[in-house]
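Some notes on the structure that comes next.
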Amino acid sequence: MEYAEIKSRLRGSVTPVITPFQADGEIDFDAFKALIEYQLENGTHGISVTGTSGEPSSLTIEERELVMKTAHDTINGRVPFVPGTGSTNHQETMRLTKKAEEIGADAAMVIVPYYNKPNQHALYKHFKTVADSVDIPIIIYNIPGRTAQNLHVDTLAQLSKDCPNIIGVKESNKDFEHVNRVLLKCGRDFLLFSGIELLCYPMLAIGGAGSVSATANVLPGKVARMHDAWFEGDVATAQSLHYELMELNDVLFKDTNPAPVKSALGMMGKINPHLRLPMDVPSEALQNEIRDTLTKYGIALQHV
């Protein structure tokens, strides 16, 4: 498979769409498809599902496969589709990544396995085995705050050298020195996506390809516009949008993602803001703060 074409297309704001649930805990596929349409109508450059924002650890493997297939069919080729296929379990990761290839996803996003804290050699073997088993581009997802392990730059660089289909990384990594060294060691054409909202703009400045930002669930147009402005050379507009989005970014991460995002989307009338235990909605105080913040941004609310 030739990866140059998808590397040129996979840029900008790739929204990690949440998984909406009904009151009985079942997936609300009608709301899910409507959320994807909302993204596309507002200029989002790509769609991801079943990543952190999609509560993958609360879904069965079969549900994850159905969510991926539903998203792929709804998008229908209008923007690149990059589902999250990683798990703490190696065989599940293999199965889900092969499923992404089978349904025609443009790439798969594979997280550093969480909880079990593999060493760097084990991480190399895990990712190389997954990459070698498919002919689909792979974006590695490094989020040490939730996996308890950081994928070292040298490990990532070796993987990018040994596996032609490992074409990029989503770095939810507050260590900006680490992030800079990714492009130094992996090459300037390696796709670097920000998974930290306050680093979305700074990562563009060092050569990043874009972001996978939970905030784009709520304000997809502004997040997409920040990227468009940057790529158009309108640095002042991109910088202004970076600061304009900061207050919303902050409030959406005062509790564990995606609880605040789901509350916000509920207030906007787009979903019923249910999560599956052990996750739950934010406190009443935080929900009031989210509502006040959305009002400041001029977002139309329901059930105020």
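Do you know which residues across region 94-118 are closer than 15 Å to L66 by Cα and hydroxyl-bearing (S, T, Y)?
Hit for region 94-118 is T97, nothing else.
From the list E247, E232, E284, which residue is out of contact with any His (no Cβ under 9 Å at 6 or more places or on another chain), closer than 22 Å to T52 by Cα, among the acidic types (D, E) and at pLDDT 95 or above? Reasoning before the result, please.
Numbers: E232 fails: closer than 22 Å to T52 by Cα; E284 fails: closer than 22 Å to T52 by Cα.
Matching residue, one of E247, E232, E284: E247.
Mind checking which residues of region 220-247 are closer than 20 Å to A259 by Cα and either surrounded by fewer than 23 Cβ atoms within 10 Å (Cβ to Cβ) or of a type in the set (V, I, T) (or both)? Give the derivation first.
The initial filter retains those residues of region 220-247 that are closer than 20 Å to A259 by Cα, namely 220, 223, 245-247.
The answer is V223, M246, E247.
Check V14, V67 and return the single one that is within 28 Å of D135 (Cα to Cα), touching a residue at least 40 places away in the same chain (Cβ under 8 Å) and assigned to a helix (DSSP H, G or I). Working first, answer last.
Values: V14 fails: assigned to a helix (DSSP H, G or I).
Only one candidate qualifies: V67.
Here is a check on your reading of the model: is P260 surrounded by 15 or more Cβ atoms within 10 Å (Cβ to Cβ), touching a Ser or Thr at 6+ places or on another chain (Cβ under 8 Å), within 21 Å of S58 (Cβ to Cβ) and in contact (Cβ under 8 Å) with a residue 24 or more places away in the chain? Write out each step before concluding.
On the way: surrounded by 15 or more Cβ atoms within 10 Å (Cβ to Cβ): yes; touching a Ser or Thr at 6+ places or on another chain (Cβ under 8 Å): no; within 21 Å of S58 (Cβ to Cβ): yes; in contact (Cβ under 8 Å) with a residue 24 or more places away in the chain: yes.
Considered against the rule, which asks whether it is surrounded by 15 or more Cβ atoms within 10 Å (Cβ to Cβ), touching a Ser or Thr at 6+ places or on another chain (Cβ under 8 Å), within 21 Å of S58 (Cβ to Cβ) and in contact (Cβ under 8 Å) with a residue 24 or more places away in the chain, P260 comes out as no.
Might you check whether a residue that is closer than 18 Å to K7 by Cβ, touching a residue at least 40 places away in the same chain (Cβ under 8 Å), of a type outside the set (S, T, N, Q) and surrounded by 18 or more Cβ atoms within 10 Å (Cβ to Cβ) occurs anywhere in region 147-165?
Looking for residues that are closer than 18 Å to K7 by Cβ, touching a residue at least 40 places away in the same chain (Cβ under 8 Å), of a type outside the set (S, T, N, Q) and surrounded by 18 or more Cβ atoms within 10 Å (Cβ to Cβ), one finds none in region 147-165, hence no.
Checking V79 against (1) part of a loop (DSSP other than H, G, I, E, B); (2) more than 18 Å from V212 (Cβ to Cβ), which test does it fail?
(2)
In this structure, does S87 turn out to be among the hydroxyl-bearing types (S, T, Y) and within 20 Å of D135 (Cα to Cα)?
Values: among the hydroxyl-bearing types (S, T, Y): yes; within 20 Å of D135 (Cα to Cα): yes.
When the stated conditions are applied, S87 passes them.
Among the candidates I27, I47, I18, single out the residue that is under 23 Å from A229 (Cα atoms) and among the aliphatic types (A, V, I, L, M).
On the way: I27 fails: under 23 Å from A229 (Cα atoms); I18 fails: under 23 Å from A229 (Cα atoms).
It is I47.
Go over the candidates G233, G221 one by one and state the one that is at positive phi and either touching a residue at least 40 places away in the same chain (Cβ under 8 Å) or assigned to a loop (DSSP other than H, G, I, E, B) (or both). Spell out how you get there, then give the answer.
On the way: G221 fails: at positive phi.
That would be G233, the only listed residue that is at positive phi and either touching a residue at least 40 places away in the same chain (Cβ under 8 Å) or assigned to a loop (DSSP other than H, G, I, E, B) (or both).
Residue-wise test of (1) surrounded by fewer than 24 Cβ atoms within 10 Å (Cβ to Cβ); (2) within 22 Å of A148 (Cβ to Cβ).
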| residue | (1), (2) |
| --- | --- |
| A34 | yes, no |
| Y38 | yes, no |
| F81 | no, no |
| S87 | yes, yes |
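Of the conditions (1) crowded, with 19+ Cβ neighbours inside 10 Å; (2) under 17 Å from G12 (Cβ atoms); (3) in contact with a strand residue (DSSP E or B) (Cβ under 8 Å, 6 or more places away or on another chain), I140 satisfies every one except a single condition; which number is it?
(2)
So which residues in region 277-304 are within 19 Å of L245 (Cβ to Cβ) and either acidic (D, E) or surrounded by fewer than 10 Cβ atoms within 10 Å (Cβ to Cβ) (or both), if there are any at all? Working first, answer last.
Just the residues of region 277-304 that are within 19 Å of L245 (Cβ to Cβ), to begin with: 286, 289-301.
Correct list: E289, D292, G298.
Of everything in region 150-198, what is part of a loop (DSSP other than H, G, I, E, B), of a type outside the set (G, A, S) and in contact with a Lys or Arg (Cβ under 8 Å, 6 or more places away or on another chain)? Give them in sequence order. Please lay out each step first, then the result.
Keep residues of region 150-198 that are part of a loop (DSSP other than H, G, I, E, B), which gives 150-152, 163-165, 172-175, 187-190, 195-196.
Then keep just the ones that are of a type outside the set (G, A, S); that gives 150-152, 163-165, 173-175, 188-190, 196.
Those that are part of a loop (DSSP other than H, G, I, E, B), of a type outside the set (G, A, S) and in contact with a Lys or Arg (Cβ under 8 Å, 6 or more places away or on another chain): C163, D189, I196.
Test T19 against the stated conditions and say whether it is without any contact (Cβ under 8 Å) to a residue 60 or more places away in the chain and in a loop (DSSP other than H, G, I, E, B). If you could, list the steps in order and put the result at the bottom.
Numbers: without any contact (Cβ under 8 Å) to a residue 60 or more places away in the chain: yes; in a loop (DSSP other than H, G, I, E, B): yes.
When the stated conditions are applied, T19 passes them.
Might you let me know whether region 96-113 holds any residue that is small (G, A, S), in contact (Cβ under 8 Å) with a residue 40 or more places away in the chain and buried (at least 24 other Cβ atoms within 10 Å of the Cβ)? It would help to see each step written out before you state the result.
Pass one, region 96-113, residues small (G, A, S): 100, 104-105, 107-108.
This time we only want the ones that are in contact (Cβ under 8 Å) with a residue 40 or more places away in the chain, so: 107.
The next check asks that each one be buried (at least 24 other Cβ atoms within 10 Å of the Cβ); those that pass are 107.
There is at least one residue in region 96-113 that is small (G, A, S), in contact (Cβ under 8 Å) with a residue 40 or more places away in the chain and buried (at least 24 other Cβ atoms within 10 Å of the Cβ).
Check region 180-189 and report whether any residue there is within 13 Å of the chain's Cα centre (by Cα) and of a type outside the set (S, T, Y). Break it down stepwise before answering.
Narrowing region 180-189 to residues within 13 Å of the chain's Cα centre (by Cα): none.
The answer is no; no qualifying residue exists.
Being in contact with a Lys or Arg (Cβ under 7 Å, 6 or more places away or on another chain) and of a type in the set (S, T, Y), is that true of even one residue in region 71-82? Even if it seems obvious, please write down each step before you answer.
Here is the first cut: in region 71-82, the residues in contact with a Lys or Arg (Cβ under 7 Å, 6 or more places away or on another chain) are 74, 80.
The next check asks that each one be of a type in the set (S, T, Y); those that pass are 74.
Yes: one or more hits.
Checking the conditions here, which among T147, T129 is of a type in the set (V, I, T) and modelled with pLDDT under 95? If you could, list the steps in order and put the result at the bottom.
Working: T129 fails: modelled with pLDDT under 95.
Testing whether each residue is of a type in the set (V, I, T) and modelled with pLDDT under 95 leaves just T147.
The values are calculated or read from the model by the stated rules, or taken from the named source; none is laboratory data. Note that the structure is predicted; figures quoted are calculated from it, not measured. As a convention, Cβ positions derive from the backbone with ideal geometry for all residues, glycine included, and neighbour counts pool all protein chains shown.
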